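K.L.:
Just passing along the structure, written as structure tokens.
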Amino acid sequence: MADEPARSPENVTRRSALRTGAAAGAGLAALGIGQGIAGAEPASGIGEDARSWPKPRGASMMGVPFEARDTVRIGIIGLGNRGASMLPLFLAVPNVRVTAVCDINAEFVAKASATITKAGHPAPATCTGGDHAYEQLVRRDDIDFVYLATPWEWHTPMALAAMRAGKHVGSECPIATTIPDMWELVNTSEQTRRHCLQLENCCYGKNELRVLRMAHEGLFGELLHGSGAYLHDLRELLFSDTYYQGQWRRAWHTKVNGDLYPTHGLGPVASYLDINRGDRLVRMTSMSTPALGLADYRAQHVPAGDPRWRERYVDGDVTMSLLQTEKGRVIHLVHGVSNPHPYSRLNHLAGTKGVFEDYPARIYLEPTHSHDTWGSFEDFKNYDHWLWKDIGPGPGGHGGMDYLMLYRLAQTIRLGLAPDMDVYDAAAWNAPFALSAMSVRLGGAPIPFPDFTRGRWKTPHPGTDSPKPG
Ligand SMILES: NC(=O)c1ccc[n+]([C@@H]2O[C@H](COP(=O)([O-])OP(=O)(O)OC[C@H]3O[C@@H](n4cnc5c(N)ncnc54)[C@H](O)[C@@H]3O)[C@@H](O)[C@H]2O)c1
């Protein structure tokens, strides 16, 4: 309409943003992924302003220390590709015991138990026999921290059950896929005083931690924008009969059109920009390309008559989002797993004094670099995080970041420190799953971001740029 102002972050009024949020809620409810988003009055109900924050059930969990203990006792739920590959890394961390393991697949449980005893550790308790066997594991009294590596749809119910049974919990990505579930994780963490973490291994990458240290030392000047992504050609794995148990991951591509895996890209960039520690995400807008890649792959590799021909893929091959922060900075977030593309998380940061870009790593900072010529990132290795200088890379797992994440997690528990990331980070990093689907459905409309901290986003508290414990 002629008198409708053009939509831009600057001129979207709160009222129009709220209208957008309410419409989006209705749209997502139809998609079956955003139940409750539009439910609360007087605002849109996603929690973007104080009037719509759900009532807190306890004090904030920011900076709350773990209770110190000599040995850290871990329970693992989900022993497929990820759980089974993380198990030896847990066993390699000093003073960690894996005391219980669970999977619906009894063979996987037996194999995990054998891995533990072969490593010279006591045999774990085992839980199997059905989708809810995990409830036995979370109730045990020999577990301090529950690690989840199950299909995405199980992460929230399992995390809630673990906290309600008195356990701290950390999940593989994404820990939640709807805004109401993210609020429920926040509320339950505050109520039970248990930590609920998105275990985002990419925050512990060598380049990511070096860039983070350099950003905090002021080498980039005032920070302006960054990019993060999950660009990973998963077509072969998504169509494998054996890789994802029950082929759960391809099923998501038939249900949601949006960024299905935001945290690998967003977690590190959110750390650079001190999100929840001085800045916060306020709105995002997303657009998806057509969904062609999986159907194209199926046409080439799946015989006619196979049940997979009944599937309709709706997730756009690439979803691109722009997220704006309270300080006006911009994050570019990309998801793409359905086309040929060399692996990349983009991992880019720019400020008033220069820029870093990854894949491959290169840097351009005044006054060192000039004349449009990138410099070597290795020249800045003295900025490496102490985890990489003194501990890493350790054994296996994405070049070492998996081990370092577990090492640091266990260290914070052992020493009774606050974790490097908390439930507010988990909610903020995962919100783009639901918000991108909402924005895509509304043709790229800006969607307000929930403030899961309930106004505490300026509070400085521990993050991944941690000091080395004495
Ligand atoms: N951070 C990373 O770099 C990284 C890498 C790979 C996978 N992941 C994440 O790890 C998670 C698991 O992925 P995966 O590749 O291992 O999938 P997978 O299918 O190989 O493993 C999932 C396991 O969960 C089990 N399971 C399913 N329902 C269960 C239930 N109700 N109770 C107990 N066990 C149950 C399955 O039997 C299976 O063994 C996903 O969230 C994925 O996105 C993260």
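K.L.:
Using alpha-carbon pairs under 8 Å, 6+ residues apart, how would you state the relative contact order of the range 72-198 in percent?
P.N.:
So the answer I get is 23 percent.
K.L.:
Also, quick follow-up: Can you pull the one-decimal nm distance between simple spin-label points at W248 and E67, each 7 Å off the Cα toward Cβ?
P.N.:
Each label point lies 7 Å from its Cα, and together they span 3.0 nm.
K.L.:
Based on the Cα coordinates of the range 72-198, what is the per residue volume of their convex hull in Å³?
P.N.:
89
K.L.:
Another question, then. Counting every Cα pair in the range 291-441, what percent are over 17 Å apart?
P.N.:
So the portion of pairs separated by more than 17 Å is 78 percent.
K.L.:
What FRET efficiency, computed as 1/(1 + (r/R0)^6) with R0 = 35 Å and r the Cβ-Cβ distance, is obtained for Y343 and A92, rounded to the nearest 0.05?
P.N.:
0.90
K.L.:
Find how much the distance from K468 to D141 grows on full extension, using 0.36 nm per residue of separation minus their present alpha carbon separation; answer in nm with one decimal.
P.N.:
Length gained between K468 and D141: 114.6 nm.
K.L.:
Specify, per residue and in Å³, the volume enclosed by the convex hull of the alpha carbon atoms belonging to the range 134-191.
P.N.:
Value for the range 134-191: 67 Å³ per residue.
K.L.:
Enumerate cysteines in the chain without a disulfide-compatible partner, where compatibility requires another Cys Cβ under 4.7 angstrom.
P.N.:
C173, C196, C202, C203
K.L.:
Contour minus end-to-end for D390 and N81, with contour as 0.36 nm per residue of separation and end-to-end as the Cα-Cα distance?
P.N.:
108.4 nm
K.L.:
Under 15 Å from a point placed 7 Å out from the Cα of R308 along the Cα-to-Cβ direction: which residues of the range 216-239 have their backbone N that close?
P.N.:
234-239
K.L.:
What part of the accessible area of the range 72-198, given as a whole %, is carbon or sulfur when the probe is 1.4 angstrom?
P.N.:
50
K.L.:
Give me the number: length gained by fully extending K255 to K111, i.e. 0.36 nm times residue separation minus the C-alpha to C-alpha distance, one decimal in nm.
P.N.:
48.5 nm
K.L.:
Which entries in the list K167/K206; K206/K389; K167/K458 go over 19 Å, if you measure between the two C-alpha atoms of each?
P.N.:
K167/K206; K167/K458
K.L.:
Report the far tail of the P(r) of the chain, meaning the percent of Cα-Cα pairs longer than 27 Å.
P.N.:
For the chain, the share of Cα pairs beyond 27 Å comes to 55 percent.
K.L.:
Taking 51 Å as R0, compute the FRET efficiency from the Cβ-Cβ separation of D131 and A50 and round it to 0.05.
P.N.:
Once the sixth-power term is evaluated, E becomes 0.85.
K.L.:
Roughly how many Å² of K206 are accessible to a 1.4 Å probe, to the nearest 10?
P.N.:
Approximately 80 Å² for this residue.
K.L.:
With a/c under 1.5 counting as rounded, go ahead and sort the range 151-252 into rounded, prolate or oblate using the C-alpha gyration tensor (a ≥ b ≥ c being the square roots of the eigenvalues; past the cut-off, prolate if a/b is larger than b/c, else oblate).
P.N.:
Oblate is the answer for the range 151-252, as a/c is 1.5 or above yet b/c matches or exceeds a/b.
K.L.:
Something else about it: Relative contact order (percent) for the range 300-457, with alpha-carbon contacts under 8 angstrom and 6 or more residues of separation?
P.N.:
Dividing the mean separation by the residue count of the range 300-457 yields 8 percent.
The values are calculated or read from the model by the stated rules, or taken from the named source; none is laboratory data. In this text, all values refer to a predicted model and were calculated from it rather than measured experimentally. Glycine gets a Cβ as well: all are built from the backbone with ideal geometry, and neighbour counts include every protein chain shown. What goes into the accessible areas is simple: the full protein's heavy atoms, side chains included, and nothing from ligands, DNA or RNA. Shrake-Rupley method; radii C 1.70, N 1.55, O 1.52, S 1.80 Å.
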